[in-house]
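Chemist: I'd like to ask you about the structure that follows.
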Amino acid sequence: TLLDKFKRVQALVQPVGKLVGCSDEAIAQAEDASAYMSFDLASQVVMEFPTLAGTMASHYASAAGQSDAVATALGDAYLPKDSGVSSVVDVPSSESGHLLALCDKLDAFVGLYRVGCAPQANADP
């Protein structure tokens, strides 16, 4: 469930943040942001426009009174992603956003392995 994913990602933030040398402030911001990370997935906006995942979480967090740093980290959590228009790839702009994105992707990667969906070399470009 999304609650399970939230708990796993939130549990990763502190140890991964320390491991990669993030500041205590960035770790705290990423922990705060992780609580709001999947809020946008329940909205009709993201169901209609999946490319807005993260962007809407950022707006919802701001509307809920969260700091700009937390809102930015939420927007960054779904990065990097390809714009599809050019060869430019958007990457997280904040340290807390980098950390949150890394923890989310680590959780997804480990989860895929757990259900037997390990990457295959024959599917690489």
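Chemist: Under 20 Å between C-alpha atoms is the cut-off here; go through the chain and count lysine pairs that meet it, provided they're at least eight residues apart or on different chains.
Modeler: 5
Chemist: Quick one: which residues, 5+ away or cross-chain, put their amide H under 5 Å from the amide H of Asp90? H built at 1.01 Å from N.
Modeler: Hits under the 5 Å cutoff: Lys81, Ser83.
Chemist: Out of Leu41, Leu52, Leu74, whose Cα points farthest toward the positive end of the dipole of the chain (charges: +1 Lys, Arg; -1 Asp, Glu; placed on Cβ)?
Modeler: Leu41
Chemist: Separate question: When ligands, DNA and RNA are left out and all protein chains stay put, how many square angstrom of accessible area per residue does the chain have with a 1.4 Å probe?
Modeler: Heavy-atom SASA per residue in the chain reads 60 Å².
Chemist: With just the Cα atoms defining each centre, how far is the stretch 57-79 from the stretch 2-53? Give it in Å.
Modeler: Here the answer is 10 Å between Cα centres.
Chemist: Is the chain best put as rounded, prolate or oblate by its Cα gyration tensor, with a ≥ b ≥ c the root eigenvalues, rounded for a/c under 1.5, and otherwise prolate when a/b is larger than b/c, oblate when not?
Modeler: rounded
The values are calculated or read from the model by the stated rules, or taken from the named source; none is laboratory data. Small disclaimer: the values here were computed from a predicted structure and weren't measured. Note that we place each Cβ from the backbone using ideal geometry, even for glycine, and neighbour counts take in every protein chain shown. For accessibility, only protein heavy atoms count, side chains too; no ligands or nucleic acids. Shrake-Rupley method; radii C 1.70, N 1.55, O 1.52, S 1.80 Å.
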